[in-house]
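Any read-out appearing in this document is the output of simple, stated calculations on the displayed coordinates, not a laboratory observation. This one's a predicted model, so the numbers in the text were calculated from it and none came from an experiment. Quick reminder, even Gly has a Cβ in these numbers, built from the backbone with ideal geometry, and neighbours come from all protein chains shown.
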Amino acid sequence: MHDGSIVIATPAQARQLVLLFHGLGSSADNFAPVGGAIARARPDAFVVSVDGPHPSTLGSGREWFSVIGITEENRPERIADAMPLFQESIAHWQNASGIGAGDTTLAGFSQGAIMALESSQIGRPPAARVIALGGRFAQAVRRAPTGLKFHLIHGEQDGVVPARASVEAARALQAAGGDVTLDLLPGLGHGIDARALQLAIGYLDHPHP
């Protein structure tokens, strides 16, 4: 596990753990301002911006998996290979914070969102909430675990991960009986603006009041 992660907030009476996962070619440091905004709005949250485990194959920043030569056919295998380290990172911060899966939120952007979404599809989900910004599932939704909330936030003008990926995922999760919300933001491309950030913060009510 790479040790470049940034602990943003460690409240004495932490009631929830929020783990942030950046996009391809970014880093924990770049994503830290998002964590700062969350910490200010949710003072009961233990907040960590998690650094990707590998140097980016694109030349700067970090990554969760390589996109060199990636296709629709080999994407699932790449993410499956990356998943053990991703799960190890989640477990590490749950142990460090003393907060379990039932009070953990995974909030990811782009590649970080892909990893967070896919973590819900194998074994026991490591969190009670996934907030995916500009993300997608690696393949068709296979299940919608009971008790897991999905919040999909996507720019309608996203030219990297088309918004239809979140639309289709929301439909599939609903069909599987899942708990899902979908927010499509007009004028937003592949990024996070003030609207997306406020939506994400708004979904961080405590999982089990």
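So if each residue of separation counts as 0.36 nm, and I subtract the Cα-Cα distance between Ala41 and His92, what length gain in nm does that give? Don't jump to the answer; show the numbers that get you there.
Values: separation 51, 0.36 × 51 = 18.36 nm, distance 2.44 nm.
Value of the extension gain: 15.9 nm.
Can you give me the span-like helices of the chain, meaning DSSP H runs with 18 Å or more of Cα extent along the axis and Kyte-Doolittle mean at or above 0.5?
Numbers: long enough: 28-41 (19 Å, 0.47); 75-97 (32 Å, -0.62).
Helices meeting the span and hydropathy rule in the chain: none at all.
Report the longest stretch of the chain that contains none of the GluC sites (Glu not before Pro) sitting in a DSSP loop with at most 11 other Cβ atoms within 10 Å. Show your work: numbers first, answer last.
On the way: sites that count: Glu72, Glu73.
Of all site-free stretches, the longest is 74-209.
Do the sum for the chain: with -39,500 (n - 2.57) for every DSSP H run of n ≥ 4, divided by all residues, what is the mean residue ellipticity at 222 nm, to the nearest 500 deg cm²/dmol? Intermediate values should be presented prior to the final figure.
On the way: 5 runs with 66 residues, N = 209.
Only helices count here, giving -10000 deg cm²/dmol.
Would you mind working out the magnitude of the charge dipole of the stretch 138-209 relative to its Cα centre, with +1 at each Lys and Arg C-beta and -1 at each Asp and Glu C-beta, to the nearest 20 Debye?
Numbers: 6 positive and 7 negative charges, 57 e Å.
Once rounded to the nearest 20, the dipole reads 280 debye.
On average, how much area does the Cα convex hull of the stretch 62-166 cover when viewed from any direction, in nm²?
On the way: hull surface 27.2 nm².
It is 6.8 nm².
How large is Rg/Rh for the chain, to two decimals, with Cα atoms and a Kirkwood Rh?
On the way: Rg = 15.5 Å, Rh = 16.7 Å.
With Rh from the inverse mean 1/r over Cα pairs, Rg/Rh is 0.93.
Determine the distance separating the Cα centre of the stretch 1-69 from the Cα centre of the stretch 136-209; give it in Å without decimals.
What the calculation gives is 19 Å, centre to centre.
Can you tell me how the stretch 60-104 classifies by the Cα gyration tensor, rounded, prolate or oblate, using a/c under 1.5 as the rounded cut? Could the numbers behind the result be given before it?
Details: a/c = 3.77, a/b = 2.25, b/c = 1.67.
In terms of gyration-tensor shape, prolate.
Looking at the square roots a ≥ b ≥ c of the eigenvalues of the Cα gyration tensor of the stretch 104-144, which shape do they give, rounded for a/c under 1.5, prolate if a/b is larger than b/c, or oblate? Don't skip to the answer; put the middle values down first.
Details: a/c = 2.12, a/b = 1.11, b/c = 1.90.
Oblate, since a/c reaches 1.5 and b/c is not below a/b.
Which of rounded, prolate, oblate describes the stretch 116-181, given a ≥ b ≥ c as roots of the alpha-carbon gyration tensor eigenvalues and a/c under 1.5 marking rounded, otherwise prolate only if a/b is larger than b/c? Don't jump to the answer; show the numbers that get you there.
Details: a/c = 1.84, a/b = 1.69, b/c = 1.09.
Note, shape of the stretch 116-181 comes out prolate.
Stretch Thr71-Arg143 to full length: gain in nm at 0.36 nm per residue minus the Cα-Cα span? Could you put the intermediate results ahead of the total?
Numbers: separation 72, 0.36 × 72 = 25.92 nm, distance 2.28 nm.
Difference between extended and current length: 23.6 nm.
Roughly how big is the chain's charge dipole about its Cα centre, with Cβ charges of +1 (Lys, Arg) and -1 (Asp, Glu), in debye to the nearest 20? All intermediate terms of the calculation are to be shown ahead of the outcome.
Working: 15 positive and 19 negative charges, 83 e Å.
For the chain, the charge dipole is close to 400 debye.
With label points built 7 Å along Cα→Cβ from the Cα atoms of Leu58 and Val160, find their separation and express it in nm.
Calculated label separation equals 0.5 nm.
Can you find, among Ala144, His190, Ser89, the residue farthest towards the positive end of the dipole of the chain? Put +1 on the C-beta of Lys and Arg, -1 on that of Asp and Glu.
Positive-end residue among those listed: Ala144.
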